[in-house]
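The values are calculated or read from the model by the stated rules, or taken from the named source; none is laboratory data. The structure displayed is predicted, hence computed values, not measured ones. With ideal geometry, Cβ positions are generated from the backbone for all residues, glycine too; neighbour counts draw on all protein chains shown.
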Amino acid sequence: MALSGGRGTLTRMSPLFRPRVRAAAAVLVSALVLTGCGGGDDSSTNPPEESTSGESASGESATDGASDGDVDPAAMLTDPELVTQVQWLLDQLAAPAAPDESAIEERFAPDMLEAAPPEELARVFDQLRPGGPYTVTAVSEGTDPAPSASVRLSSETAPTIMSVSIDDAGLISGLFFQPDTAANLPEISSVEDLETELSELGEAQVVVGSVSDGECRIEHTTDGLPDGGEAFPSGSAFKLLVLSALGDAVEAGEVAFDDTLTITDELRSLPSGELQDRPAGDEVSVEEAALLMISISDNTATDLLIDAIGQDRIAATATDLGLDTDRILPLGSTRQFFQLGWQVDPSVRAEWAAASGPDERAAILDALPPVLDVDPTTVTQPRWADGVDWSLTGGELCTIHARLQEQAGTESGAPIRGILSENPGVAVPDGVTYQAFKGGSAPGVLALTFLTEASDDAPARVLVVQLRSGGVIDEMRAVALVEAGLEVVAAP
């Protein structure tokens, strides 16, 4: 999940990789080392949750709330112990002096205190207090892997996001402060405004299209790029292609939405998602796997579907869509993404980057180790420059969105429409009656794609934003900017 800024909301977006922060782990960033959002999927941008290609965390509560003014955490959070600890932390930020060590010891879990002694925690409050007074303007609650809250703190000088998690005893087991880079946004009144602001965060391309009768018509591409844009790393946005191939397979009778898939160690991937935590032998329906793949960007669900559909079906769908099959095939799994990027010897990545076509890439994938052995905390260095990602143009992503809505209008593909709109990504603009979303983030990569409908007689609108960088992308600010840009593009 990603914290984003529009109008005080804490919204959801899609990751490819979000390593989980364990409930028992102490996560503390002091005011001295506060930095902007990161883009490594996961990692630095979204504590206390996780970050690779795209959506909300499975434990996010429906109690997310926001207001243009003060927000009472007690009215937004359902866990009374979490409410108590959040309010205590807010009281310390407003107090004239830091809490004494005995008060800190009563509030924090032992593991947290071992990593961050009371005197260090007291210094954090001392460092943050001058940035106040703070006003709570939004609160989001999570339950997985532990009860947690993300609290937006408005301030004239230092707007901040405070993320808190508690353990089974109700003690604070995680505490993270980061600057709210989605605050104080410039006015976005045109696509060009959006492009200008995004260019401060990395190399960006923006594509806008209109959709009708299953076709995408490109209306805008970032200046200087070919119509529809260049092939950019897309993170988990590639899962739109998997969903379209699934729709074709269902229509052909090769698989059904109520079929079951079995989780195996050979197909288990890393977060984001939840299926990676289930034991081998557990079953999930095809429809549930598709919903998890899109709504929370479940990587294991994606790999189960790729395995069930098969590369031949994916290739046929990509060909029908008019995609550059020489560039994108074979479609690697998320498991293979992690292995290529962070498990194999660099010489294998060099071979991958130099591979001239699908056959050479297929041979490299076939030779990958049978066991996935990647520590999620090491997935921080961008690998997209070596071709370790799924490269798609904005125009291709728009075309896939158009095809998916056409498939959703058939009897066999009816579940697709709800799957795509389960997680809208950001706040739905005024006047929009339907919003499909898929995005993704990986180290140095952020992609956000939307299809919106405002009326029955007007073409659907598509916005595709892709960012790439050799370093960390400020995802929080990027998502907030895109949320503002979507209001412009989707306006009836």
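In the set Pro145, Pro130, which member is out of contact with any Ser or Thr (no Cβ under 6 Å at 6 or more places or on another chain) and in a helix (DSSP H, G or I)?
Details: Pro145 fails: in a helix (DSSP H, G or I).
Sole residue among the options that is out of contact with any Ser or Thr (no Cβ under 6 Å at 6 or more places or on another chain) and in a helix (DSSP H, G or I): Pro130.
Is there a residue in the range 401-422 that is modelled with pLDDT of 95 or more, under 18 Å from Ala480 (Cα atoms) and crowded, with 18+ Cβ neighbours inside 10 Å?
No, that holds for no residue.
Within the range 168-179, is even one residue charged (D, E, K, R), within 30 Å of Leu113 (Cβ to Cβ) and buried (at least 20 other Cβ atoms within 10 Å of the Cβ)? Steps first, answer last, please.
Residues of the range 168-179 that are charged (D, E, K, R), as a first pass: 168.
If we keep only those that are within 30 Å of Leu113 (Cβ to Cβ) as well, we get 168.
Remaining after also requiring buried (at least 20 other Cβ atoms within 10 Å of the Cβ): none.
No, the range 168-179 has no match at all.
Which ones in the range 300-330 are among the small types (Gly, Ala, Ser) and under 23 Å from Ala353 (Cα atoms)?
Selection gives Ala315, Ala318.
Select from the range 276-329 the residues that are polar (S, T, N, Q) and either at pLDDT below 95 or within 22 Å of the chain's Cα centre (by Cα) (or both) and list them in ascending order.
Of everything in the range 276-329, those that are polar (S, T, N, Q) and either at pLDDT below 95 or within 22 Å of the chain's Cα centre (by Cα) (or both) turn out to be Gln276, Ser295, Ser297, Asn299, Thr300, Thr302.
Which one of Ser269, Ser236, Ser244 is buried (at least 19 other Cβ atoms within 10 Å of the Cβ), part of a loop (DSSP other than H, G, I, E, B), of a type in the set (S, T, N, Q) and in the same structural domain as Gly387 (by TED's automatic domain parsing)?
Going through Ser269, Ser236, Ser244 in turn, just one is buried (at least 19 other Cβ atoms within 10 Å of the Cβ), part of a loop (DSSP other than H, G, I, E, B), of a type in the set (S, T, N, Q) and in the same structural domain as Gly387 (by TED's automatic domain parsing): Ser269.
Quick test for you: out of Ser333, Ser297, pick the one residue that is among the hydroxyl-bearing types (Ser, Thr, Tyr), within 27 Å of Gly395 (Cβ to Cβ) and touching a strand residue (DSSP E or B) at 6+ places or on another chain (Cβ under 9 Å). If you could, list the steps in order and put the result at the bottom.
On the way: Ser333 fails: touching a strand residue (DSSP E or B) at 6+ places or on another chain (Cβ under 9 Å).
Only one candidate passes the filter, namely Ser297.
Listed residues Gly209, Gly214, Gly202; which is over 20 Å from Leu331 (Cβ atoms) and surrounded by fewer than 20 Cβ atoms within 10 Å (Cβ to Cβ)?
The unique qualifying residue is Gly214.
Every residue in the range 273-304 that is among the aliphatic types (A, V, I, L, M), within 20 Å of Gln435 (Cα to Cα) and assigned to a helix (DSSP H, G or I), please. Break it down into steps so the answer makes sense when it comes.
Initially, the range 273-304 is screened for residues among the aliphatic types (A, V, I, L, M), giving 275, 280, 284, 286, 289-294, 296, 301, 304.
Now drop any that are not within 20 Å of Gln435 (Cα to Cα), which leaves 290-294, 296.
Within the range 273-304, Ala290, Leu291, Leu292, Met293, Ile294 qualify.
Within the range 80-114, which residues are closer than 13 Å to Ile172 by Cβ and of a type in the set (Gly, Ala, Ser)?
Hits for the range 80-114 are Ala103, Ala109.
If I filter the range 301-314 for residues that are of a type in the set (Gly, Ala, Ser), surrounded by fewer than 22 Cβ atoms within 10 Å (Cβ to Cβ) and closer than 17 Å to Arg361 by Cα, do I get at least one hit?
Checked the range 301-314: at least one residue is of a type in the set (Gly, Ala, Ser), surrounded by fewer than 22 Cβ atoms within 10 Å (Cβ to Cβ) and closer than 17 Å to Arg361 by Cα.
With the condition being under 19 Å from the mean Cα position of the chain (by Cα) and acidic (Asp, Glu), I'd like the helices (runs of 4 or more DSSP H) fully within the range 392-492 carrying at least 2 qualifying residues. Steps first, please.
On the way: elements: 394-408, 415-421, 475-490.
Helices (runs of 4 or more DSSP H) meeting the threshold: 475-490.
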